[in-house]
Amino acid sequence: MYQSFSSDVLVVGAGLAGERAAVSAAQAGQNVIILSLIPPRRSHSSAAQGGMQASLGNSAMGKGDSPDVHMYDTVKGSDWGCEQDVARMFVNTAPIAVREMSAWGVPWSRVRNEKRMYEGTEIVEDPEKVGLITARNFGGTAKWRTCYTSDGAGHTLLYAMDSVVIKLGITVHDRMEAIELIHDGTRCYGVVARSLRDGSIYVYTAKTTVIATGGFGRLYAASTNAVINDGAGIAMAFNSGVVPLGNMEAIQFHPTGMVPSWILITEGARGEGGHLLDKDGYRFMPDYEPKYMELASRDVVSRRIMQHIRAGHGVDSPYGPHVWLDIRHLGEHRINTYLREISTIARTFAGIDPVKEPIPVRPTQHYTMGGIRTNKDGKVYGLDNLFALGEAACWDLHGFNRLGGNSLAETVVAGRIVGEKIAEFTKHATLEVNSALIEEHVRNVEGRIDQIRSRGKNGENWVEIRKEMQMTLELNVGIFRTAEHLQEAVDKLGNLYERSLNVGLMGDGGQGADPELVNALRLPGMVRMAITIAKGALERKESRGSHFREDYPQRDDQNWLKRTLAYWPEGAKEPDLKYEPVTITEIPPGDRGYGESNVKK
Ligand SMILES: Cc1cc2nc3c(=O)[nH]c(=O)nc-3n(C[C@H](O)[C@H](O)[C@H](O)COP(=O)(O)OP(=O)(O)OC[C@H]3O[C@@H](n4cnc5c(N)ncnc54)[C@H](O)[C@@H]3O)c2cc1C
């Protein structure tokens, strides 16, 4: 027995991307239901700190900025792995989106009539621009372009967006987990979901289904991501067997995860002028990257930190070696005004007052460039009536390295662009309900649940398997990769996958939502994604952006200027990897200009 709901548009995910797309559909007069694991305002979007990129050019250091400059930074940042037609739409729309969010209530930090020292230079703002939306410096950008609200940008954006959702009367069913797509191999009709309040099964059918379930950082042992970011929504699409995931091997490590909780310390801290120091208190980044120093692209800074630690300059700690992030020289006022969230985080979770002491940091898994492959309209490859956007999707704005500040921007820009496409598509779509198909998918889900429950303590231990999966990715598929370690990961994960198909429950398998069952159910899908990351990395015999192969340290445009597309056919033990060309419309592949060139000639 199950309850069912129908709508014009069903959005799975209530973060910034899902809510923004829902707003477009609702504005077009469509009836929308949003599903979320948690109350919308607790989605990971609200944890974003540093800000979003848009080339407004209001601040003195942003003067001369334009969508063209933003375009070049984004393409170079991606190591020429992104879709350039997508990047073009994105950079042109970002200034509109940032102002729209202002109109919807985001209290952006503004240009102030003040003089300020930055890396020894005095910054004098243009009096004409005072009061306009300002921007801070971020990694890999030629201009100061990251619009912010102190260091709580995600919080203000999501609260404003959710208020619009409430105002438009959009229905949200929270604590509701979408588990399986209802599809017939060519078209998607909705999802089978399970209530996280009482464990009952629900069926949602819609003309158009949208997946906006965020990233999957929690496949790694150390991640800055919220605990719910384990990729359940992406796994759901992958499990269909017909939807490909793009570039899963493109995993971003943020240079400054705080040791040992791995909570993020925003790039804004370095954007405001923070330095990285080694065990001797020495500022090492200028030696490696004289031009960009701490604000080279994220992948570059992360590699440089690890290189310096490997050379024996890290600070020893019970949690492994780390370096220091020092913001003391910014002064108490600036820290407590513009970096107040990370100050609270450092005080609360590490007992450190960053006004007086440096913060221990190490590169930590942070973002997933890959995800459900879509075309530039957000339409998912392989199934009709299905769209995806936000971090869950591979739209592919980021290629092999996302620039800081380009992801919050992606959520609201793609939300706007793809949202309009969804609204347009839905106008002409029909709501077809094939009860036999629905029954089949409901039975599938119920069957999976019954099997796990009936195995009980005789089944495999899901906690152990999950931990081993996380450690395998952490140790073998990290910042520096080699064929040997990657092959070992593929083998280990293959074994874990077999075991994950036989998980049981360690507890009493009680009725109701049962958090143990929730985790056990998700596990096989997570391991499939983990193998796909490792296999994609093993096969990609070059280095590009965040994917760095020590045995193939150069970017190889001749053979690898292409995107990985991974399929998981029914009953398979490994993904089937295919490739498609990257769209180059404006900027031919070139050198990124960091340290020594890694481009193969
Ligand atoms: C700590 C941190 C700081 C960051 N700072 C910045 C920054 O300063 N600038 C920047 O550009 N980017 C930043 N990012 C990245 C950026 O915040 C995210 O990429 C972006 O917010 C993701 O938005 P989203 O809407 O795609 O997903 P999310 O905000 O993660 O939302 C996902 C939604 O999907 C729901 N969901 C998931 N699975 C299911 C399911 N099976 N069924 C139903 N619902 C489901 C969840 O409940 C949630 O509502 C940061 C990320 C982190 C982790």
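Since every read-out is calculated from the coordinates, none of them should be taken as a lab result. Only a predicted model underlies this, so the values are computations on that prediction, with no experimental measurement involved. Here the Cβ is made from the backbone with ideal geometry for all residues, glycine too, and neighbour counts use every protein chain on show.
Miscellaneous remarks
- Extension gain for K356 to D184 (0.36 nm times residue separation, less C-alpha to C-alpha distance): 55.9 nm.
- Helical mean residue ellipticity (222 nm; -39500 (n - 2.57) per DSSP H run of 4+; nearest 500) of the chain: -11000 deg cm²/dmol
- Residue-span extension gain [K578 to S163] - 0.36 nm each, minus C-alpha spacing: 145.2 nm
- Shape index of region 437-531: Rg/Rh, with Rg the Cα radius of gyration and Rh the Kirkwood radius from the inverse mean 1/r over Cα pairs, equals 1.06.
- Residues S102 and V227, FRET efficiency given R0 of 30 Å [Cβ-Cβ distance, rounded to 0.05]: 0.45
- Overall Cα dimensions of region 256-363 - principal axes, largest extent first, Å: 34, 33, 23
- Chain lengthening between N458 and E474 when straightened (0.36 nm per residue, less Cα-Cα): 2.9 nm
- Debye-sum result for the chain in log10 I(q)/I(0), which assumes one identical scatterer on each alpha carbon, at q = 0.06, 0.09, 0.11, 0.12 Å⁻¹: -0.29, -0.66, -1.01, -1.21
- For the Cα trace of region 406-478, dividing Rg by the Kirkwood Rh returns an Rg/Rh value of 1.21.
- In region 358-497 the Cα-Cα distances spread across 5 Å bins starting at 0 as 2, 8, 11, 11, 13, 15, 16, 13, 9, 3, 1, 0, 0 percent of all pairs.
- Neighbour counts of C-beta atoms inside 10 Å place M52, M506 in the sequence M506, M52, starting with the fewest.
- Residues of region 236-256 with amide N under 20 Å of a point placed 7 Å along Cα→Cβ from E539: 236-252
- Label-reachable residues, region 420-462, where backbone N falls under 16 Å from a point 7 Å from N502's Cα toward its Cβ: 451-462
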